[in-house]
Amino acid sequence: MAFAPMGAKASFFEVLDRHRASLLAALSRGGQEPPVQRTRTASSSEVLASIENIIQDIVTSLARNEAPAFIIDNRSSWENIKFEDTVGLQMVSHCTTRKIKSDSPKSVQKFALILKILSMIYKLVQSNTYATKRDIYYTDSQLFGNQTVVDNIIDDISCMLKVPRRSLHILSTSKGLIAGDLRYTEEDGTRVNCTCGASAIAVPSNIQGIQNLITDAKFLLIVEKDATFQRLLDDSFCDKMSPCIMVTGKGIPDLNTRLLVKKLWDLFHIPVFTLVDADPHGIEIMCIYKYGSMSMSFEAHNLTVPAVRWLGLLPSDIKRLNIPKDSLIPLTRRDQMKLDSILKRPYVTCQPFWRKEMEMMADSRMKAEIQALTTLSSDYLSRVYLPNKLKFGGWI
């Protein structure tokens, strides 16, 4: 049994090193990185010019006694999504659109809100200042109604202007955490050391601004839930598995956590693993890191890491480890619908081992949280499960 040594010996990482070598070989063959240009960060002058062109179109429509409208790509239809295993889910070049009309009772409010936020973005870019999505919402919380309205409009504007959200000078408040063998300098010159201790470092709100990243990490572990992440911290997992990096998005990852994972992969090309619950929700989260989401498919090249591997908790682990049945949870109807939806997605066809695991879950009609491993021993996850997986290549 491969118990974790304090500061793992070089021999412990042999399988990991071979995995990294295979990833690098795939990169050199063009097997992981697409030979297409990534969405570049637009300059301030380009963003301002794009907004001015939109406003000019509105003025032109009014001069013709026509009701102005915004034409926005439809980000909620699978018809507009294509899949490439080297990129993930991305929006097709000629996709269906939806029209936000200023003379329609159904869309006039959204038209006005888009116009208002466009005006705010213009001022931010012009003055070279930044605001969070939360800041935008609180400028007129009664008008916007809720934060989700603001979030969706900002993504629509980003898609409409064909520029990354950070080029709009709007930042997200990060909820993710990072710990382990990583040092970097923030945009304001602050030096950050993420060395694993009793607490973690908040993921920066401006990933583009961080620089001078340094690490000797052998792997990056993405942990689905904050509770599991904190338990691994308490168990000194980063010290035992040193050098490594741990990240959590605390559930569905925010944009900054995804950008950070992408940046670490692009810079260091170290193996990236996910530790998620053996349930449809956990699988969904893993898929977001690896292949992206439909709603953000227009920015897939900046967000997805197709090299991500599923480390655990695998449905097959439940049987293999003889996890007690009273620790398992029956799939709900919603779980079954989510699982069916994932199984129908285009990327599952190129992941036969993932499909097998998901079909095993569907057949058993049971799911398990990572915490189910504590029935074997309180520190089984950090002392036995993860070290064994990492030493012997227990990922798919």
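The values are calculated or read from the model by the stated rules, or taken from the named source; none is laboratory data. Worth saying up front: this structure is predicted, and the values here are computed from it rather than measured. In this analysis, Cβ positions are derived from the backbone assuming ideal geometry, glycine residues included, and neighbour counts consider all displayed protein chains. Side chains are part of the model used for accessible areas, which takes the heavy atoms of the whole protein and leaves out ligands, DNA and RNA. Shrake-Rupley method; radii C 1.70, N 1.55, O 1.52, S 1.80 Å.
Per residue, the range 44-171 exposes 52 Å² of solvent-accessible protein surface, assessed with a 1.4 angstrom probe and all protein chains in place. Of the trypsin sites (Lys or Arg not before Pro) found in the range 335-366, those that fall in a DSSP loop while having at most 15 other beta-carbon atoms within 10 Å are 344, 365. Radius of gyration (Cα atoms) of the range 268-396, expressed as a multiple of 2.2 N^0.38 Å: 1.07. Within the same chain, lysines fewer than 8 places from residue 106 are excluded, and of the rest, those with a Cα less than 22 Å from its Cα are 116. When the C-alpha to C-alpha distance is required to be over 30 Å, the pairs from 133/367; 162/389; 262/391; 262/356; 82/391; 356/391 that qualify are 133/367; 162/389; 82/391.
Between residue 199 and residue 141, the modelled label-to-label distance comes to 2.6 nm, taking each label 7 Å out from Cα in the direction of the beta carbon.
Centre-to-centre, using Cα atoms only, the range 119-183 and the range 330-368 are separated by 34 Å. Quick one: angle between helix 44-63 and the longest Cα principal axis of the chain, in degrees between 0 and 90, rounded to 10, please. Here the helix axis deviates by roughly 40 degrees. Of all segments of the chain bounded by GluC sites (Glu not before Pro) found in a DSSP loop with no more than 16 other C-beta atoms within 10 Å, the longest spans 188-396.
Provide the per residue accessible area, probe 1.4 Å, for the range 177-392, rounded to a whole number of square angstrom. Heavy-atom accessible area per residue stands at 39 Å².
Take every Cα pair under 8 Å whose residues are at least 6 apart in sequence, average their separation, divide by the length of the range 177-392, and the relative contact order is 18 percent. Our coupling estimate for the range 305-313, obtained by passing each phi through the Karplus curve with A = 6.51, B = -1.76, C = 1.60 and θ = phi - 60°, is 10, x, 6, 4, 10, 8, 8, x, 7 Hz, Gly and Pro reported as x. For the range 125-160, backbone nitrogen atoms closer than 19 Å to the point 7 Å from residue 46 Cα along Cα-to-C-beta are found at 125-129, 155-160. Computed in the context of the full set of protein chains, the accessible area of the chain at 1.4 Å probe radius has 50% of its extent on carbon or sulfur.
In this entry, the chain is assigned a mean projected area of 21.1 nm², taken as a quarter of its C-alpha convex hull surface. Helix 352-364 and the longest principal axis of the Cα set of the chain meet at an angle near 80°. Look at the alpha carbon pairs under 8 Å that are at least 6 residues apart: their mean separation over the length of the chain gives a relative contact order of 20 percent.
Put a dot 7 Å past each Cα toward the Cβ at residue 332 and residue 284; how far apart are the dots in nm? Calculated label separation equals 1.0 nm.
Please work out, to two decimal places, the log10 of the ratio I(q)/I(0) at q = 0.12, 0.15 Å⁻¹ from a Debye calculation in which every Cα of the range 70-177 carries one identical scatterer. Debye output, listed in q order: -0.47, -0.73.
Its convex hull of Cα atoms gives the range 192-338 a direction-averaged projected area, equal to a quarter of the hull surface, of 9.8 nm². I'd like the antiparallel share, as a percent to the nearest 5, of DSSP beta bridges with both residues in the range 177-392. Looking only at bridges with both residues in the range 177-392, the antiparallel portion is about 55 percent. Phi angles across the range 160-173 convert, under the Karplus curve 6.51 cos²θ - 1.76 cosθ + 1.60 with θ = phi - 60°, into 3J(HN,Hα) values of 5, 7, 6, 9, x, 4, 5, 6, 7, 6, 10, 10, 9, 6 Hz, Gly and Pro given as x.
Relative to the longest principal axis of the Cα atoms of the chain, helix 280-291 runs at roughly 70 degrees.
For the range 118-218, the extents of the C-alpha atoms along the principal axes are 46, 26, 22 Å, listed from largest to smallest. Our helix-only sum for the chain, with -39,500 (n - 2.57) per DSSP H run of n ≥ 4 divided by its residues, gives a mean residue ellipticity at 222 nm of -12000 deg cm²/dmol.
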